[in-house]
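Undergrad: Once you've had a glance at the structure underneath, I'll fire off some questions.
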Amino acid sequence: MTASKPDASRKTLRTIRYILWGLVAVAVIAVAGFAVTQKRGGASLTTSAIGGPFSVVDQKGQPVTEAALKGHPSAMFFGFTFCPDVCPTTLFQATQWLKQLGPDGDKLKVYFVTVDPERDTPEQMDNYLHAFDPRIIGLTGSRPQIDAMLKAYRVYSKKVGEGEDYTMDHAAAVYLLDSDANFVGTVDYHEKDETIMAKLKRLVAG
């Protein structure tokens, strides 16, 4: 006796459901395995893709390369001195972070990297940073040098407008790097102060 068409359709639907459940189970296992790898310290694409060689100068005109990031944790922010709000606000926040860390503030190096090297010469950076904690280090260089650094750290930046009154659109997150110069997270512009300080304390604690 052959199965009726409705019975055959039900069998087909059950088979499709079993296949879909199997695919979902495989996906869940794969995601769980990836999360465990991350917890155990396995290298992730996001972490390994951020950072790399660079060669720029600080606000005193002294050469700085990626080697300067080794041996201490770092907080790195990309912006420009003609920025009307986000950049000075973030640098003011960084000044407060260093104070709130107390003696541990000396363990953290804060870098302010310009995305506008045409205007942000070492002299301009030096004058600008006088308004903030003296431990904050400004980094600038030629346009190719800065572009290479922006590419290495996957930082978005774009010139907006023409003439002397142009501005720069750019990412506003602060990058957190461990003492091996590995990317370990970010500080968001809108995060609460207690959340930020918890991240920084973990960072300087190693």
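The values are calculated or read from the model by the stated rules, or taken from the named source; none is laboratory data. Keep in mind that what you see is a predicted model, and the values were worked out from it rather than measured. Please note: Cβ atoms are built from the backbone with ideal geometry, for glycine as well, and neighbour counts cover all protein chains shown. Quick note on the areas: whole protein, heavy atoms, side chains included, nothing else; ligands and nucleic acids left out. Shrake-Rupley method; radii C 1.70, N 1.55, O 1.52, S 1.80 Å.
Undergrad: Take the cross-link list K70/K99; K60/K107; K70/K151; K159/K199; K60/K199 and give me the ones stretching past 27 Å between alpha-carbons.
TA: Distance filter (> 27 Å) returns K159/K199; K60/K199.
Undergrad: Could you please report the charge total around V204, scoring K, R as +1 and D, E as -1 over all other residues with beta-carbon less than 11 angstrom from its beta-carbon?
TA: +2
Undergrad: Could you give the semi-axes, largest first, of the ellipsoid that matches region 84-206, computed as the square roots of 5 times the alpha carbon gyration tensor eigenvalues and rounded to whole Å?
TA: Values: eigenvalues 130, 50, 41 Å².
Equivalent-ellipsoid dimensions as semi-axes: 25, 16, 14 Å.
Undergrad: Accessible area per residue of region 111-206 at 1.4 Å probe, in Å²?
TA: 52
Undergrad: On to the next question. Calculate the dipole size of region 76-206 relative to its Cα centre from +1 charges on Lys and Arg beta carbons and -1 charges on Asp and Glu beta carbons; express the result in debye to the nearest 20. Kindly include the intermediate steps, with their values, before the conclusion.
TA: Working: 14 positive and 20 negative charges, 102 e Å.
Roughly 500 debye, rounded to the nearest 20.
Undergrad: If you don't mind, there's one more thing I want to ask. Give the Rg/Rh ratio for region 149-198, taking Rg as the radius of gyration of the Cα atoms and Rh as the Kirkwood radius, to two decimals.
TA: Checking Rg against Rh, the ratio lands at 1.10.
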